[in-house]
Amino acid sequence: MAKLSADKMNGMVCNLPLPKNIIDTILEDATATDPTEKQLLDVIDRVMKGYQLSKIEPCDAAGVVAAQSIGEPGTQMTMRTFHYAGVAEINVTLGLPRLIEIVDARKIPSTPTMTIYLSNNRDLANGEVDFAFDRDKAQKVAWSIEATKIDQIASVTTDLAQMKIVINVNEKNMLKREINFDDVVAHFRDKISDADIDENENTLQIDLTPKDQRYRDLLQLAKKIHDVTLKGIDDIKRVVIRKSNDSDEYVLYTEGSALSDIIEIEGVDMRRTTTNNISEIYTVFGIEAARNAIITEATNTLREQGLNVDIRHIMLVADLMTSDGEVKQIGRHGISGEKASVFARAAFEVTVNHLLDAGMRGNVDDLAGVTENVIVGQPIKMGTGDIRLVSRKLSDASGPQKGKSKAGKKDEKAEKKVEVSKSKKKAEEELIEEIEEAAEIIEEEIELLEEIEEELEEFEEEAEAEEPKKKRGRPKKS
């Protein structure tokens, strides 16, 4: 059969209702295998069926499933700290503590580290080798990044007798790190103001004497000297160079993180350089980069423990944490604390405070979520609990007729009005009959009362007529 042209292949695939990465994969594989039209249609049919099966069902509890899918493997994670990428000198927090750091959106992780990739251009002029392939160049980049303290290039002694601190600079170490003696003296003059500094460039010696001749000031001065950074970035305490397992490039691993300062270092490839400090990525590169960092860090942490969690669950958590344009933690100071439901907030943490505040404000809970409906004992509005049945009269059981004209609709409205008026008239007639019946009963009762009054009057007259007769018939007293 005839093979498909590239244009026809694009026309068959590009308009499919599929994500872009799936369409790109189909086109890439189709270009490589060169299928017939029937074969490509069969592939598209199978992909569409698989995509429809992978989509979430309506009314499914996506958040609960994601939380359970991440939380259950989290119970199997260890609490230990492991060596990072085979570098024995640098430790980094992994396992459950690292996962907690990610979802809590900690500003500074417990062990901040960076993986710094160097520029790897293989087509340099004059046969030069780029930074990623030359260990000496990589070492120079490492020394320009690593914070250099006075202990690394000199010996420091405290002379209690003469109340001064003597620094003997090692020329070999100083040249190795490309630091000048004048630069060392200048740094001390800038950073230390409460001491007199005398230097001797011939002997490479620096004497620091506190202005107040007291032992306490001398000891404090000794501490200050060790805190002065002579070269490099303050936050990066150590840099280790290792050759990548996947290629012949040299990669730098740091103890400490300073992404914004690394950008200015020559030889650093910022397209690949990364850090485990998500807050720093958000500050330097923005919210989309922070979202990707959350997904990458969480996935790597779980995979390092041998736990396979579908990336869609982690993506849902990352989307929720970054949906407002800033990185928010999943806690009472972040997503859980901002829920509209009072019961949902109270179920997470500080229950009494939430209930008291809501009671004082008079808040109303609509009971729309899962947690609040479980608390009050109602079916949750998920799955079958989110279905509402509508009942109809038996006469309407066949369903509404379709395609009615406007005249038919007007006739229906007129019939409804006639029925309403008839029902009103009937109700009025029934009400009049009831009133007439009540009036007849009242008249009968009035007649009965009048008869009783007449009988009473007759009885009183008879009693008055018999009274004198009784008086005349009585015997007189003797």
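All of the numbers you see were taken from the coordinates with simple rules; none came from a lab. Small disclaimer: the values here were computed from a predicted structure and weren't measured. Reconstructed Cβ throughout: ideal geometry from the backbone, glycine too, with neighbour counts over all protein chains shown.
Each residue of the stretch 278-283 is assigned a 3J(HN,Hα), and the resulting list reads 5, 4, 5, 4, 4, 5 Hz, derived from the Karplus form 6.51 cos²θ - 1.76 cosθ + 1.60 (θ = phi - 60°), x at Gly and Pro. Remark: 332, 135, 271 ranked as 271, 135, 332, counting other beta-carbon atoms within 10 Å and listing the fewest first.
Here residue 426 is the anchor, and the aspartates and glutamates within straight C-alpha reach of less than 15 Å, apart from those fewer than 8 places off in the same chain, are 434.
Stretched out straight at 0.36 nm per residue, the stretch from residue 324 to residue 151 would grow longer than its current Cα-Cα span by 57.6 nm. Computed from the C-beta positions of residue 364 and residue 128, the FRET efficiency with R₀ = 45 Å rounds to 0.05.
The Cβ shell under 12 Å around residue 108 holds other residues with a net charge of -2, Lys and Arg each +1, Asp and Glu each -1. Our coupling estimate for the stretch 271-277, obtained by passing each phi through the Karplus curve with A = 6.51, B = -1.76, C = 1.60 and θ = phi - 60°, is 5, 10, 5, 9, 9, 8, 8 Hz, Gly and Pro reported as x.
In terms of Cα atoms, the Rg and Dmax of the stretch 133-223 work out to 15.0, 53 Å. Relative to the dominant Cα principal axis of the chain, helix 215-227 is inclined by about 90°. Each residue of the stretch 436-448 is assigned a 3J(HN,Hα), and the resulting list reads 5, 4, 5, 5, 4, 4, 5, 4, 4, 5, 5, 4, 4 Hz, derived from the Karplus form 6.51 cos²θ - 1.76 cosθ + 1.60 (θ = phi - 60°), x at Gly and Pro.
Per residue, the convex hull spanned by the Cα atoms of the stretch 248-351 amounts to 153 cubic angstrom. The distance between label points at residue 57 and residue 44 comes to 3.0 nm (points 7 Å beyond Cα on the Cα→Cβ vector).
In terms of Cα atoms, the Rg and Dmax of the stretch 339-382 work out to 10.2, 31 Å. Across the cross-link table entries 191/237; 172/223; 55/393; 164/231; 8/49; 137/191, which are compared at the Cα atoms, the separations over 28 Å belong to 55/393; 137/191. Amide H contacts for residue 92 (H built 1.01 Å from N in the peptide plane; partners 5 or more residues away or on another chain; cut-off under 5 Å): 82, 84.
Close amide-amide hydrogen proximity is noted between residue 60 and 383, each under 5 Å apart and 5 or more residues distant or on a separate chain (H modeled in the peptide plane; Pro and chain starts excluded). In a reduced charge model with +1 at each Lys and Arg Cβ and -1 at each Asp and Glu Cβ, the stretch 324-401 shows a dipole moment near 280 debye about its Cα centre. About the centre of its Cα atoms, the chain shows a dipole size close to 2700 debye [charges on the beta carbon of Lys, Arg (+1) and Asp, Glu (-1) only; nearest 20 debye].
Relative to the longest principal axis of the Cα atoms of the chain, helix 311-322 runs at roughly 80 degrees.
Roughly speaking, what % of Cα-Cα pairs in the stretch 6-54 are separated by over 12 Å, rounded to a whole number? Roughly 61 percent, rounded to a whole number. Only one residue of 174, 12, 278 has its Cα farthest out toward the positive end of the dipole of the chain, where Lys and Arg carry +1 and Asp and Glu -1 on Cβ, and that residue is 174. Note on residue 3: aspartates and glutamates with a C-alpha under 17 Å away, same-chain residues under 8 apart excluded, are 28, 29, 34, 37, 42. Kirkwood radius for the chain, taken over all pairs of different Cα atoms as the inverse mean of 1/r, rounds to 33.0 Å.
The length gained by stretching the chain between residue 356 and residue 285 to full extension, at 0.36 nm per residue less their Cα-Cα distance, is 21.4 nm. Looking at the chain, identify the longest residue range that excludes and avoids all GluC sites (Glu not before Pro) in DSSP loops having at most 15 other Cβ atoms within 10 Å. Maximal segment without exposed cleavage sites: 350-478. In this structure the amide hydrogen of residue 164, modeled in the peptide plane, comes within under 5 Å of the amide hydrogens of 159, none closer than 5 places in sequence on its chain. Helix 62-74 and the longest principal axis of the C-alpha atoms of the chain enclose an angle of approximately 50°. For residue 193 and residue 172, the difference between the fully extended length at 0.36 nm per residue and the C-alpha to C-alpha distance is 4.7 nm.
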